[in-house]
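Colleague: Right, I'll just put the structure down here and ask away after.
The values are calculated or read from the model by the stated rules, or taken from the named source; none is laboratory data. Quick caveat: nothing in here was measured; it's all calculated off a predicted structure. Quick reminder, even Gly has a Cβ in these numbers, built from the backbone with ideal geometry, and neighbours come from all protein chains shown.
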Amino acid sequence: MVKSLVSQKLWFSIPVWAFASFFLSFEGSGEAAEPSVISSASCTQGWIALFNGVDLFGWEVKEGQGSLSSVHSGGLILSSSVELGPTELTTVAPWGDYDLLIGAAVSSPSKECRAVLELDSDLTESEESGSLTLLFSNGATSSMTSEIGEASSTHDLKAMTPPMTSLIQVRGEHVAVIVAGEKVQEVTLSHQSSNQLRLVSLVAESDIRISSLWARPHGLNQLFNESDLSGWHIRKEVRPDRPGIDVRVEEGVIRIQGGPGYLESDNEFADFHARFRIRVEQNTNGGSKSGVYFRATRYPGENFVDWPLGIKVQVLNQQEDYSTGGLEGRYPAHDLYSEDGEWFWLDICARGPQIRTWVHGMPTTVYTDTKGEYQSGVIALQGWDAKNLVYYGAVEIAELP
């Protein structure tokens, strides 16, 4: 599911007693419209969850270590074993510029415990890598040592009372670590850190509980200006017996009614992270249907010919094989996190063959396109049929390195 680890790494060695659970209580009544571990406000700010609080969806567990990691009461529990060694979980962090937030605690703060959060790069073995190491002591010294190469410094943490949070900011080659609101380390690397994230629990006397692990991609630009359809054009079926799709901007949002047809971007994109704010209205069929095509073909002419050839992320708030966030015909959604009549965010990340989606900030699809049929193309917002009514309130995208 993910690429093999390479030998050059950026290390953050963090015994996590220094952090406590970091999470924002979600708003609403707990209905289907708000199931996320991330609040609507945080989701609007761009945060998405790498851990969903329910299971290990989206993570690869090192072979033979299935018994060392579990999910309990919304927390990811990491244990260690003398026989099996440290727990290792791997996921993908494909962004060039992003923030990473981790909240964690240990079951026995007085016991010795360390964990490693490792950001991997796409370097070859011949290339040099900068390194950043943060080492926290949870003994009587209550100190933190930070090292960059041969240089090191120690920070007194006695005055800091948990709970604390850790925020890692990655901006290309520049990386900063912020603990309890204080920037404790900053470094410029010889490469751009990207692609993989590995979480390791070293042999310890206490289990580690990860309560939150969030990411926020940076550098997103608006593809929709909230005023008109500049940068887009409408593909409308021309038939005398039915009106086809109607696309317009109303009160700062894109309104797509009817179909078949779609709104197609003028520009084409290959590797990117995109965000869409969507609301689906009910109809006599029970709910409207839409979808976001990407890396899709551009047909000649101006009218609707057929649905684009590309990868489609489903927008359908019903418990079907391919509900909202699923890749139609390729990979079903992990769960349904949206409902008709309510605004929600859909995130799509495509980098090479790796495709991921999030709905309401929750990881929904983890897919590797082994065929590699579609490398680049347009983005298209679908209008399914004559009874359809869907709104797109925001369209944002960041192209990835």
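Colleague: Please work out which residue is surrounded by the fewest Cβ atoms within 10 Å (Cβ to Cβ), limiting yourself to region 313-360 and to residues that are outside any loop (DSSP other than H, G, I, E, B) and among the hydroxyl-bearing types (S, T, Y).
Modeller: My answer is Y331.
Colleague: Another one. Can you tell me which condition S290 does not meet? The list is (1) among the small types (G, A, S); (2) touching a residue at least 24 places away in the same chain (Cβ under 8 Å); (3) more than 16 Å from I245 (Cβ to Cβ), and all the others hold.
Modeller: (3)
Colleague: List pairs: first in region 36-64 and within 19 Å of G74 (Cα to Cα) and assigned to a loop (DSSP other than H, G, I, E, B), second hydroxyl-bearing (S, T, Y) and modelled with pLDDT of 90 or more, Cβ under 8 Å, 6+ apart or cross-chain?
Modeller: Cβ pairs passing all conditions: S36/Y337.
Colleague: Now for a different question. Taking the criterion of being aliphatic (A, V, I, L, M), surrounded by 21 or more Cβ atoms within 10 Å (Cβ to Cβ), in the same structural domain as G341 (by TED's automatic domain parsing) and modelled with pLDDT of 95 or more, would at least one residue in region 288-296 satisfy it?
Modeller: Taking every residue of region 288-296 in turn, at least one turns out to be aliphatic (A, V, I, L, M), surrounded by 21 or more Cβ atoms within 10 Å (Cβ to Cβ), in the same structural domain as G341 (by TED's automatic domain parsing) and modelled with pLDDT of 95 or more.
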